[in-house]
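The values are calculated or read from the model by the stated rules, or taken from the named source; none is laboratory data. Because the structure is predicted, anything quoted here is derived from the model rather than measured. Every residue, glycine among them, receives a Cβ derived from its backbone with ideal geometry; neighbour counts consider all protein chains shown. The area values use the complete protein model at the heavy-atom level, side chains included, leaving out ligands, DNA and RNA. Shrake-Rupley method; radii C 1.70, N 1.55, O 1.52, S 1.80 Å.
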Amino acid sequence: LLLPWRRRRRLWRKVEAAQQRQERSLVQMEMAVHRFREQHPSVNMVSILSLPLPELSKKLRDGSLPPEHVFYAYVGKALQIATETNCITEYLQESETQLRKAKLTGKLGLLYGVPVSIKDSIDCQGHDSTLGFIKNLNKPAAEDSVVVQVLRRQGAIPFVKTNVPQSLISYDCKNLIFGQTFNPLLYTRSPGGSSGGEGALVGGGGSILGFGTDVGGSLRFPAAFCGICALKPTGNRLSKKGIISGVLGQKAVAAAVGPMAKDVESLALCMRALLCEDMFSLDSTVPPLPFNEEVYSSTQPLRIGYYETDFFTMPSPAMRRAVRETKRLLEDAGHTLVPFELTNVDYMLFNFCVRGMFADGGTSFVKKFKGELENSSMGMLFWLAKTPNWLKTALSWIAKPFVPRFSHIIRSMRANTVDEVWSLHCEIEEFCHQFIAQWKKLNLDVMLCPMLGPALGIGYPGKLSVAVSYTMLYNALDFPVGVVPVTMVTDKDEEELKGYQGYFRDWWDRTLAKAFHGSVGLPVAVQCVALPWQEELCLRFMKEVEML
């Protein structure tokens, strides 16, 4: 009886120590800003914070704006947003040393003097990458991830790490160590996840450029929920060395690392900086493709595919309107819009994504939670992963006539043989080739798609794992995709929501209708998609949507 109690006490002490460290980080930020303001009382912080990244970096590089003015302006703003939303887990105090060194070296990279925020799961030397797990506390990374190394070489200053949901397999943002992160636009809403801390910090204006990861929408949900832009590149366009994945070793659903910012031009500047010789030499598995300026700056009319629904997750009225209005504006600007027909999204989601990520029946997923204090945030997913195969089969069979989607999820989480996993990988490859063939048949350049929104209430993402269908499709296909906010929820959208029933009219559809409710004024985004390795074309399309 005493042993489990002692173990729990030991774990709680680790949690308390981590929370105290988080509080000390905020105090350090406050003291640093206070010192700077005492020494430089005339610096106009507000005007610095209002500058878009391209203009800010230009002023930093030509010397018209001192790097320390920019740094402490953002530390001050980040502190404010962290106090309001609980998005920062740690202040990287060595960033102040890097700031002083940057002035002495005189080497001006593309991001010289730009303060950047980093997701918890991206390694920064000397700091924990917890993924919300207590067992990962007090295990500082031995070296920076490749992305962080390249950022530093380009003159950027990583200054904070941000919160994530436990295990990263969620699009909310809560863990037992650091707690719940809130949406800066409305505190009762989720900031999205798993890069939720980044979404909240960038969305609130506390960081001008943030970095997250995406295995099912983890960059795109926070961007859409917090009203900012994000780019999920092709899986291997940017190095993932030194970045910890939510499900290690699975190859069915491609993960990616990417930037988040207030506007598309900032994302483009970031990609220009990262796609350099340093990236390719530090990680030779990354193809040496520098940023293609010609494609990004082209003004040729585009041929754009579009769809309003995937016939799996019924779009909210605001989501449908966002696609329709964007389509109309693009047509008025001289682009050609072509309807694209999506089929078998339910099969893709259950058979490729869920089955692909939990091909071992969830064994490795359950192992991650061994020795942790709780796993309540994972709820049903964790319970299913622990269930033996025979029981999954029986439950799937019983549930099929009443809740077909639940039945499919249970069946998808059965343990597979090696032969079955290989067959699955072949099937995903074939699906990708068929999708590209359909794309080429319509002679498309890019695609316009809905993005789940507006932001769901806190706690709802955990109940609505099926609503990842719009985002996860492009992880299964490994296409580059960006998110651009285009409109806000209106009273008319809210009125139309009363008739929302969903395609399956099951518990999930009813819950999603409740989650969308009461969202007037919150942002709604669209997804902009391109073919693999065409990030520049994707950004060019995003810029067009943003401008219109």
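Structure notes:
- In terms of its alpha-carbon gyration tensor, region 241-350 comes out oblate; a/c meets the 1.5 threshold, while b/c is at least as large as a/b.
- Each of Gly457, Leu384, Met348 was placed along the dipole of the chain (beta-carbon charges, centred on the mean Cα), and the one lying farthest toward the positive end is Leu384.
- As a calculated quantity, the FRET efficiency between Ser281 and Phe311 at R0 = 30 Å, using C-beta atoms, amounts to about 0.05.
- Reduced Cα scattering model of region 279-320, Debye log10 I(q)/I(0), q = 0.26 Å⁻¹: -0.91
- Remark: region 376-480 projects, on average over all directions, an area of 9.3 nm² (convex hull of Cα atoms).
- Ligands, DNA and RNA are left out, and with a 1.4 angstrom probe the accessible area of the chain is 41 Å² per residue.
- Once percent of Cα pairs over 43 Å apart is calculated for the structure shown, the corresponding label among [x] 23; [y] 63; [z] 14 turns out to be [z].
- In region 1-290, the C-alpha radius of gyration followed by the widest Cα-Cα span (Dmax) gives 18.2, 67 angstrom.
- Under 13 Å, Cβ to Cβ, from Gln28 - net charge with Lys/Arg +1 and Asp/Glu -1: -2
- Whole-angstrom gap from region 228-304 to region 404-469, using each part's C-alpha centre: 21
- Cut-off 10 Å between beta-carbons: net charge of the residues surrounding Phe350, Lys and Arg +1, Asp and Glu -1: +2
- Cross-link pairs beyond the 22 Å C-alpha cut-off, checked among Lys119/Lys241; Lys232/Lys498; Lys14/Lys251: Lys232/Lys498; Lys14/Lys251
- Between the listed residues Gly305, His335, Val264, the Cα displaced farthest toward the positive end of the dipole of the chain, a dipole computed from Cβ unit charges relative to the Cα centre, is found at Val264.
- Given charges at beta-carbon only (K, R positive; D, E negative), |dipole| of the chain in Debye: 1780
- Given R0 = 22 Å, the distance between the Cβ atoms of Thr105 and Gln125 translates into a calculated FRET efficiency of 0.75.
- Cα pair distances exceeding 14 angstrom across region 446-506, given as percent: 70
- Derived from the Cα gyration tensor, the three semi-axes of the equivalent ellipsoid of region 1-158 are 34, 18, 12 Å, largest first.
- Additional length obtainable on full extension of the chain from His425 to Glu341, 0.36 nm per residue less Cα span: 27.9 nm
- In straight-distance terms, cross-link reach from Lys400 covers every one of the aspartates and glutamates whose alpha-carbon lies under 20 Å from its own, apart from those fewer than eight places away in the same chain; here that gives Asp346, Asp506, Asp509.
- The aspartates and glutamates within cross-link reach of Lys543, meaning a Cα-to-Cα straight distance under 15 Å and a gap of 8 or more places when in the same chain, are Asp263, Glu265, Glu293, Glu294, Asp445, Glu535.
- Added length on full extension, which subtracts the Cα-Cα distance from 0.36 nm per residue, Leu395 to Glu495: 32.2 nm
- Charge context of Pro140, other residues only, Cβ under 15 angstrom, K/R +1, D/E -1: -2
- Euclidean distance of C-alpha centroids, region 180-195 and region 93-131, integer Å: 25
- Under the span-like rule (Cα at least 24 Å along the axis, Kyte-Doolittle mean at least 0.0), DSSP H helices of the chain: 67-85
- Convex hull volume of the C-alpha atoms in region 29-109, normalised per residue: 112 Å³.
- The convex hull defined by the C-alpha atoms of region 408-548 has an orientation-averaged projected area of 10.9 nm².
- DSSP beta bridge pairing in region 1-290, given as percent antiparallel to the nearest 5: 65
- Carbon and sulfur %, accessible surface of the chain computed with the full protein complex present, 1.4 Å: 56
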